[in-house]
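Beneath this line is the structure, given in structure tokens, with notes to follow.
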Amino acid sequence: MAERIIPLTDHRSRTLQPPLAALEAATRMSATGFLGDTLGRPLHDLRISVTDRCNFRCSYCMPKEVFDKDYPYLPHGSLLTFEEITRLARLFVGHGVRKVRLTGGEPLLRKNIEILIEQLAQLRTVDGAPLDITLTTNGSLLARKAEALRAAGLQRVTVSLDGLDDTVFRKMNDVDFPVEQVLEGIAAAKAAGLGPIKVNMVVKRGTNEHEILAMARHFKGTGVVLRFIEYMDVGATNGWRMDEVLPSSEVIKLIHADMPLMQLEPSSAGETAARWGYADAQGRHDRDAGEIGVISSVTQAFCHDCNRARLSTEGKLYLCLFASSGYDLRELVRGGASDADVTSAIGHIWSGRADRYSELRSTLSPDTPGGTRRVEMSYIGG
Ligand code: SF4
């Protein structure tokens, strides 16, 4: 029997149409009743990189020495169009995706990104709910764009900010961009109704750890959730060293000594950040003071419930931030493949997923696949 697979979205009906039976045999289900990978992890989050360009040169992501004017950035024609992105997102949603995060490079550099957001905002999850659409930005263009992004249907933003001191900030992002303008972007996002707003600070020992307390004090009680990210060996160009990693346990100890903290429950499965709330005098969570998060890919890996897929700027599907290769969905899309075929391809790819790099990091040697030839974070988004 020719293997012509019908889209998985039919799966909810449970009235299995032939050849769906074949499909079920071919793909795994997770506890959600939707597609699962080899570890039973559902496909819940889709991160979409809309550009490989950025106006910052953060040393842990796009070091200036590598990403200079001669770097082979992608030609515009090879980028997925908004229509192609929306079509692929729709097919991923059919597999159970509920959250879409727009990333880059710097996604706000992609011209008319509001149009893409409007298109994505039309999509509905398999049970008819609006998609959770969010975006990660360095905040440099946010003050100008916040209102339009909100009007287009964006719900939330995550802003990268690695310090409040301009000198430190410059040292981390390697461009002469003032902190003040990023803070204005955060304020504009708040005023536009984008929220809850998260701020991500990558902590690099020896560079900006002395900014941790200042950042925590600055955002405490503002409703903004500050997350501290352990410096990671993403890509193959940031010269990562373990002795420049400040474990999250030390970040928590440092803040707790100054502003007592208490651990909070995860707010959803697959959440990357461990949540810590500011405690009141009775040791209860002081909700007005808010919470912080730590993302500890190096010292406390969270691959066991990682439900994130990544779509690169030119349409390759990556199954892990530390992957070394992806699956070319653009070829399918531009090759005239039907929705059923693309859906089936996504299903098969995810079903075979076994990625858990962070859990294996310490056992990997340089020539192990995924050892050094990792894809650049600026290409698939953080
Ligand atoms: S290392 Fe890969 S599998 Fe593990 S949490 Fe990160 S993206 Fe997921």
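The values are calculated or read from the model by the stated rules, or taken from the named source; none is laboratory data. All figures in this text were calculated on a predicted structure; none of them were measured in a lab. Cβ atoms come from the backbone with ideal geometry, glycine included; neighbour counts cover every protein chain shown. Keep in mind that these areas ignore ligands, DNA and RNA; they rest on the heavy atoms of the full protein, side chains included. Shrake-Rupley method; radii C 1.70, N 1.55, O 1.52, S 1.80 Å.
Pairs, please: C-beta under 6 Å, at least 6 apart or cross-chain, first residue in contact (Cβ under 8 Å) with a residue 24 or more places away in the chain and in the stretch 293-311, second near the ligand (Cβ under 8 Å from one of its atoms) and of a type in the set (Lys, Arg)?
303/356
What do you reckon, is residue 235 assigned to a loop (DSSP other than H, G, I, E, B) and touching a residue at least 24 places away in the same chain (Cβ under 8 Å)?
yes
Condition first: within 13 Å of the ligand (Cβ to nearest atom) and either open to solvent by 10 Å² or more (accessible area, probe 1.4 Å) or more than 18 Å from residue 103 (Cα to Cα) (or both). Can you find one or more residues in the stretch 338-350 that meet it?
Yes; the residues of the stretch 338-350 include at least one that is within 13 Å of the ligand (Cβ to nearest atom) and either open to solvent by 10 Å² or more (accessible area, probe 1.4 Å) or more than 18 Å from residue 103 (Cα to Cα) (or both).
Restricting attention to the stretch 351-367, and to residues there that are more than 14 Å from the ligand (Cβ to nearest atom) and either among the polar types (S, T, N, Q) or buried (at least 17 other Cβ atoms within 10 Å of the Cβ) (or both), which single residue is modelled with the highest pLDDT?
Only one residue tops the list, namely 351.
Do the conditions hold for residue 191, that is, is it under 27 Å from residue 134 (Cα atoms), open to solvent by 20 Å² or more (accessible area, probe 1.4 Å), aliphatic (A, V, I, L, M) and out of contact with any strand residue (DSSP E or B) (no Cβ under 7 Å at 6 or more places or on another chain)?
Considered against the rule, which asks whether it is under 27 Å from residue 134 (Cα atoms), open to solvent by 20 Å² or more (accessible area, probe 1.4 Å), aliphatic (A, V, I, L, M) and out of contact with any strand residue (DSSP E or B) (no Cβ under 7 Å at 6 or more places or on another chain), residue 191 comes out as yes.
If I filter the stretch 239-271 down to residues being open to solvent by less than 30 Å² (accessible area, probe 1.4 Å) and within 16 Å of the ligand (Cβ to nearest atom), which single residue comes out as modelled with the lowest pLDDT?
Filtering first and then ranking leaves 270.
Anything in the stretch 48-95 that is in contact with a strand residue (DSSP E or B) (Cβ under 8 Å, 6 or more places away or on another chain), under 12 Å from residue 379 (Cα atoms) and assigned to a loop (DSSP other than H, G, I, E, B)? List them, or say none.
The answer is 50, and nothing else.
I'm trying to understand the selection: among the residues of the stretch 256-313, which are among the β-branched types (Val, Ile, Thr), within 15 Å of the chain's Cα centre (by Cα) and in a loop (DSSP other than H, G, I, E, B)?
Scanning the stretch 256-313 gives 272, 313.
Condition check: within 28 Å of residue 203 (Cα to Cα) and away from the ligand (no atom under 16 Å from the Cβ). Does residue 288 satisfy that?
In short, yes.
Residue 206 - would you say it is touching a helix residue (DSSP H, G or I) at 6+ places or on another chain (Cβ under 7 Å) and without any contact (Cβ under 8 Å) to a residue 40 or more places away in the chain?
It is true that residue 206 is touching a helix residue (DSSP H, G or I) at 6+ places or on another chain (Cβ under 7 Å) and without any contact (Cβ under 8 Å) to a residue 40 or more places away in the chain.
Take the conditions more than 9 Å from the ligand (Cβ to nearest atom), under 20 Å from residue 79 (Cα atoms) and in contact with a strand residue (DSSP E or B) (Cβ under 8 Å, 6 or more places away or on another chain) and apply them to residue 335. Does it pass?
Judged against the criteria, residue 335 is not a match.
So, in the stretch 291-317, how many residues would count as being more than 16 Å from the ligand (Cβ to nearest atom) and in contact with a Ser or Thr (Cβ under 7 Å, 6 or more places away or on another chain)?
Number satisfying all stated conditions: 2.
Of the residues that sit in the stretch 305-329 and are in contact with a strand residue (DSSP E or B) (Cβ under 7 Å, 6 or more places away or on another chain) and open to solvent by 50 Å² or more (accessible area, probe 1.4 Å), which one is nearest to residue 49 (Cα to Cα)?
Here the residue is 316.
Which condition number does residue 223 fail, the rest of (1) open to solvent by 50 Å² or more (accessible area, probe 1.4 Å); (2) touching a Pro at 6+ places or on another chain (Cβ under 8 Å); (3) under 20 Å from residue 361 (Cα atoms) being met?
Checking residue 223 against (1) open to solvent by 50 Å² or more (accessible area, probe 1.4 Å); (2) touching a Pro at 6+ places or on another chain (Cβ under 8 Å); (3) under 20 Å from residue 361 (Cα atoms), the one that fails is (3).
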